[in-house]
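Here the structure is laid out as structure tokens; the discussion comes afterwards.
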Amino acid sequence: MVVTLDLNSSAGSSSSRRTLSDISLAVAKCKKIVVVTGAGISCSCGIPDFRSSDGLYALVKQQYPDVVLKGRDLFDASLFRDSTSTAVFYTFISQLKRSIDSATPAPTHRFIKTLDTKQKLLRSYTQNIDGLEERVGLCGSSSQDAKTNGKGKAKLKVKEVRNVQLHGDIHRVRCTFCSADFPCTEEHLDKFNNGVPPDCPECSTRSHARVARSARALKIGTLRPAIVLYDEPHPLGDDIGTIQTSDIGRKPDMLIIMGTSLKVHGLKKLVKDFAKAVHATGSVAPNASPKSVKSWQGKVVFVNKTAPGSEWSDIIDYHVAGETDKWTDRVIEDWKKMRPSDWEVQKTLVAEGEESGFKVIKEVAGIAKSKAKAVKGKRKQEIENVVPHDVFSADTETDRPRAVASAPSSPSKRRASVSYDSDIESSPRKKHAAKIVSEFERLQVTERGLLFSDATNSPSKSAETGDLVMGEFDPPKPKARRTRAATVSQKDAAELVPRSKSVGRPRMKMDCVEIAVRRGTGRTL
């Protein structure tokens, strides 16, 4: 069932304020938001909508009462069958294009761009042909930057498209014969205003080239606004279907519908498909626990002056009755109060000179708390890992050891002025290893030479003095290896030469160092 919230009278109802705050919190927490917009978001820009009392359909009917029976007929593909209705269509489009050129983006357009900047916008789908989303920085599907360059039919770059234009773009013109598109210029508008479509330059070039080589001339198409009329296939329909399927597979967690009456069949199907995917994300799976589902996930919000029809009772969760600009401003205000860390701005300064001071060259907004802590911890680690001066070395002037750094503020913090490899500040195991190394280094070169010197010609010293005694060392005889006896015949045994036990490796005469220690008995060990 749809819950209706009156945005204008929300100040007097506590339940409405609480529900609107919950919706704002859901917008701030969701990470895959799909936005679907219509002509209602551009009304504050000076561009009329279609179906209201002062909309485009009523204006067209008032301006051409004898030619157009219904305002919708002016945007139907069948109008090209009649030359009179075609001329009226071109004249009306030229006037609409000039009014769009003088318009500026509304707060709702900037809200969608904010969602994209905060990395919360999965994709934006719009029925509008004014292209105001691209002015705020959202790359549209009709933009040349979103199309591949090469031979054959151009395709859309899925990752580059942030705003899918379901009904085309009025800022471009398309050939009725070869489908080549070009930017809409002032020259095109002048001809449209007179009810005469201009010729396609691509078709004209090919036809003149054939005539120049004595070939048959080709048909030359005319240029028309690159918008999609009713009962007309979209030139990029296959690519848009691929984008929609990809977005549904990414499991969006919120759907926001703004400024549309949901009357067009294609848009109705698109909204229902996305609403089903959003509700599936917010529902509890059979094998999942209820705690795994967040309370702010799976909401479908409809923001429009008029209420949705009865067919949307099980699809739309909340209907916010009011202007889209007012609701988006409220969401941004609540968002800044509830999650101020999302709106922190980091500035990068560069020095211009001693007199001019500093200049901001870069601003990064929306730094999360975790990222801020990571940056702070990294800076702290860089400070701790800097090798300090040796605080235990002697002072050159006083020949006294320098004072030890003051104790840390807490046991968990290491002294910043003491090196990590210091013997005093290290663990007992490191202290023991350092002590052994220092004792070994204290040995004099002459003392170490006594242990490893050539003792062949050195005179022996008395054992009574406890000094080193040089002598001959008779090493022990090597033990004979036991081998398995082989079975041989008597004849073969007789031919074998008996081997003497003394035959073997020659004995080596080695000199060694005998250490005599004076003990109580005076015996030499």
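Here are a few things to note about the model shown:
- Over the range 16-131, the pair-distance histogram of Cα-Cα distances with 10 Å bins from zero comes to 12, 33, 27, 17, 9, 1 percent, rounded to whole numbers.
- Percent accessible area from carbon and sulfur atoms, the range 122-239, protein chains only, probe 1.4 Å: 50
- Residues in the range 267-274 carry Karplus couplings, in order, of 5, 4, 5, 4, 5, 5, 5, 5 Hz; the curve used is 6.51 cos²θ - 1.76 cosθ + 1.60 with θ = phi - 60°, and Gly or Pro positions show x.
- Residues with amide H under 5 Å from that of Arg172, placed H, sequence gap 5 or more: Cys184, Ala226
- Order by protection proxy (mean Cβ within 10 Å, highest first), peptides 262-274, 125-137: 125-137, 262-274
- Scoring 238-251, 311-324 by mean Cβ neighbours within 10 Å over their residues and listing the highest first yields 311-324, 238-251.
- Per-bin percent of Cα-Cα distances, the range 247-347 [10 Å]: 13, 36, 34, 15, 2, 0
- For the range 125-144 and the range 170-187, distance of Cα centres in Å: 16
- Under a 5 Å amide H cut-off, with hydrogens placed 1.01 Å from N, Lys299 pairs with Leu255 among residues at least 5 apart or on other chains.
- At R0 = 35 Å, FRET efficiency that the Cβ-Cβ distance of Glu160 and Ser78 yields, to 0.05: 0.50
- Cα extents of the range 160-278 along the three principal axes, largest first (Å): 61, 31, 26
- For the range 220-278 and the range 41-113, distance of Cα centres in Å: 20
- Average accessible surface for the range 119-274: 48 Å² per residue, computed with a 1.4 Å probe over protein heavy atoms with every protein chain in place.
The values are calculated or read from the model by the stated rules, or taken from the named source; none is laboratory data. Fair warning: this is a prediction, and the values are worked out from it, not measured in the lab. Virtual Cβ from ideal backbone geometry, glycine too; neighbours counted across all protein chains shown. Note: areas computed on protein heavy atoms with side chains; ligands, DNA, RNA excluded. Shrake-Rupley method; radii C 1.70, N 1.55, O 1.52, S 1.80 Å.
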